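First comes the structure, then the notes that go with it.
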Amino acid sequence: MQATAVLRFTRLSPQKGRLIADQIRGLPVERALEVLQYSKRRASRVFFTGLAAIANAEHNVGADIDELKVQSIQVDGGPSLKRFQARAKGRGARILKRTSHITITVGDKAVKKAATKRVK
C-alpha cells in the first residue's frame, strides 16, 4: 500500500529541500519524524508538514503506521518569483526567489524495480 502527499509552490529552493529529502529517504516514518523534529534547517519544518502522507495512508488506505517507510521523495523546481534589487548607476540585479514541488510517498513495503534487459 502506498499513500502520497504533494506540496506545491512551496517557498523553498529545491537545492535546500533536497538536502533534507536525502536525510529521510528510505527511513521508517517514526525515525524520519525524529530527524525532522530535531533538525535545525528551516526546510525540515516544510517536510514535517509534508509527512501528512502518513495520515493519508492511515485514513484512506487503512495502513498500519508502525510499518510505514518513506519510499520516495521528489523535490522538483517550481516557478521562480523574479525580483530586482537596485544597484549602482541605475542598474538592477535580478533576484530569483525559487519555489518547489515536493512529493512524498510512504508505504509498508519496499517497491521492487522491474528488471530491465538491455537489447542490442
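If you go through the stretch 87-95 one residue at a time, do you hit one that is open to solvent by 90 Å² or more (accessible area, probe 1.4 Å), part of a loop (DSSP other than H, G, I, E, B) and not β-branched (Val, Ile, Thr)? Checking the stretch 87-95: at least one residue is open to solvent by 90 Å² or more (accessible area, probe 1.4 Å), part of a loop (DSSP other than H, G, I, E, B) and not β-branched (Val, Ile, Thr). Here residue 44 passes the criteria (1) polar (S, T, N, Q); (2) more than 15 Å from the chain's Cα centre (by Cα); (3) surrounded by 15 or more Cβ atoms within 10 Å (Cβ to Cβ) except the one numbered (2). If you go through the stretch 66-100 and pick out every residue that is over 19 Å from the mean Cα position of the chain (by Cα) and farther than 18 Å from residue 7 by Cβ, you end up with 17. Just one of the listed residues (10, 103, 49, 4) is in contact (Cβ under 8 Å) with a residue 60 or more places away in the chain, out of contact with any Ser or Thr (no Cβ under 6 Å at 6 or more places or on another chain) and among the polar types (S, T, N, Q), and it is 103. For the stretch 72-86, filtering for residues that are of a type outside the set (A, V, I, L, M, F, W, C), touching a strand residue (DSSP E or B) at 6+ places or on another chain (Cβ under 6 Å), open to solvent by less than 60 Å² (accessible area, probe 1.4 Å) and touching a residue at least 60 places away in the same chain (Cβ under 8 Å) leaves 1.
Of the residues examined, residue 51 is not one that is touching a helix residue (DSSP H, G or I) at 6+ places or on another chain (Cβ under 6 Å) and open to solvent by less than 30 Å² (accessible area, probe 1.4 Å). The listed residues are 19, 27, 36, and the only one of them that is open to solvent by 20 Å² or more (accessible area, probe 1.4 Å), out of contact with any strand residue (DSSP E or B) (no Cβ under 7 Å at 6 or more places or on another chain) and not polar (S, T, N, Q) turns out to be 19. The residues of the stretch 57-71 that are farther than 14 Å from residue 26 by Cα and open to solvent by less than 50 Å² (accessible area, probe 1.4 Å), listed by number, are 57, 63.
The values are calculated or read from the model by the stated rules, or taken from the named source; none is laboratory data. Being a predicted model, the structure only gives us computed values, none of them experimental. FYI the Cβ positions are ideal-geometry reconstructions off the backbone, even for glycines, and counts take in every protein chain you see. Note: accessible area is taken over every heavy atom of the protein model, side chains too, but ligands, DNA and RNA are not part of it. Shrake-Rupley method; radii C 1.70, N 1.55, O 1.52, S 1.80 Å.
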